[in-house]
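Right, one structure below, let's go through it.
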Amino acid sequence: MTHLLSALDAQNNVWSILKEAKEFKEGNSSKKPLKNKSLAMVFEKASTRTRMSFEVGMYQLGGQPLYLSASDLQLGRGEIIEDTARAMSRYVDGVMIRAHKHEDVLQFARYSDVPVINGLTNLEHPCQAFTDIFTINERKNTLDLQMTFLGDGNNVCNSLLLAAAMVGMDVTVACPSSYEPDSIILKDAQKVARKTGSVLKIISDVQDAVAGADVIYTDVWVSMGDELEESQRLNDLRDYQVNQDLLNLAHPDAIVLHCLPAVRDQEITEEVLNGPQSAVWDQAENRLHVQKAIMNWLMG
Ligand code: CP
């Protein structure tokens, strides 16, 4: 059974995902490959883009999406993951889960007889990362580029390191020392990077990190679940804001990405978010096209 639990799981499929997502976006595919199939979408946390892109994407592929809030399931009353996974597999052809703990999604996949897709955990956000690579390729027509990720080396950053390494893109993460990406993921990404020639760096100096970059990426400083650390995080990360002065140090044609939701005047300014170098609204749209390619790969 093939699952997408980590970006690494798509190592042999990344190029076909990008190609098929392009076909879906260009409207060249009227296929309904998931006709009569159903996808359970289990959410332990809030979502706008992930929920909508999977829900609309499943409909467009001819299938049926089921939105399931974890708190409305027996899972929320203590039914164990193993029993939920076994039962759910008898009704649907795939399960997308957004969970607090990455380990819970791994546990679900262990007992699932249908493909499981990670829709975000504390450790990874693979669907977002493949959308980001797709958006960069769409804007730049190449992936032989330098991306700089600024701020919190969080779940999005972890999956981006893996996905970028797979396609040979260089990534510099600029963050304070206690906000570095997961060390095991970084090792895995470096292993992939050795094969593709991509260069991955973790540094703290913002100006060095941004100099000449083709892509500037940021994400919120206080992710879901980090609310108790808010004041500490805002203080620790304040030098990593993506603003126009910082963007002026990057390549003049650099694009700016943000997986959204954004907090204006924390990690990014309004001027940059809605400025001429921003690709964030295309990036948000592209979740739909890439999700369709991912579902078709796993469930088609
Ligand atoms: N980027 C992202 O996953 O957005 P949502 O939290 O709205 O799904």
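Read-outs throughout are calculated quantities, based only on the coordinates presented, and are distinct from any laboratory measurement. Since the structure is predicted, the reported quantities are computational estimates derived from the model, not experimental observations. Using ideal geometry, Cβ is built from the backbone for each residue, glycine included, and neighbour counts are taken over all protein chains shown.
General observations
- Three principal axis extents describe the C-alpha atoms of the stretch 42-116; from largest down they are 32, 25, 20 Å.
- Normalised size of the stretch 1-130, defined as Cα radius of gyration per 2.2 N^0.38 Å with N residues, equals 1.03.
- Against the main long axis of the alpha-carbon atoms of the chain, helix 14-26 sits at an angle near 80°.
- With each label modelled as a point 7 angstrom along the Cα→C-beta vector, the D208-E180 pair spans 1.4 nm.
- 10 Å beta-carbon shell around D253, net charge (K/R +1, D/E -1): +1
- Positive-end extreme of charge dipole, the stretch 138-274 - chosen from G197, I268, A165 (charges on Cβ): G197
- Inter-label distance, nm, simple model (7 Å from Cα along the C-beta direction), R194/K31: 3.6 nm
- The stretch between E271 and Q232, if pulled fully straight at 0.36 nm per residue, gains 11.5 nm over its current Cα-Cα span.
- Computed from Cα positions, the angle between helix 126-140 and the longest principal axis of the chain comes to roughly 50 degrees.
- Qualifying chymotrypsin sites (Phe, Trp or Tyr not before Pro) for the stretch 205-290 [loop in DSSP, other Cβ within 10 Å: at most 11]: none
- Neighbour net charge for E230 - beta-carbon separation under 14 angstrom, K R +1, D E -1: -4
- Kirkwood analysis of the stretch 131-265, using all unique Cα-Cα pairs, places the hydrodynamic radius at 14.9 Å.
- Each Lys or Arg adds one and each Asp or Glu takes one away; over the other residues whose Cβ falls under 13 Å from the Cβ of K101, this sums to -2.
- Springs between Cα atoms under 10 Å define the GNM used for the chain, and in it the highest mean-square fluctuation of N122, N36, N286 occurs at N36.
- Computed [θ] at 222 nm, helices only, for the chain once each DSSP H run of length n ≥ 4 contributes -39500 (n - 2.57): -12500 deg cm²/dmol
- About the Cα centre, charge dipole magnitude for the stretch 86-150 (Lys/Arg +1, Asp/Glu -1 at Cβ), debye: 160 debye
- Helix 183-196 axis versus longest C-alpha principal axis of the chain: approximately 80°, rounded to the nearest ten.
- Restricting the calculation to Cα atoms, the chain yields a radius of gyration followed by a Dmax of 18.6, 55 Å.
- Cβ charges +1 (Lys, Arg) and -1 (Asp, Glu), total dipole of the chain, debye: 1400 debye
- At R0 = 30 Å, FRET efficiency that the Cβ-Cβ distance of T2 and S71 yields, to 0.05: 0.55
- Distance from the C-alpha centroid of the stretch 239-286 to that of the stretch 101-138: 24 Å, rounded to the whole angstrom.
- Cross-link pairs beyond the 28 Å C-alpha cut-off, checked among K32/K187; K140/K191; K140/K292; K37/K140; K101/K191; K25/K140: K32/K187; K37/K140
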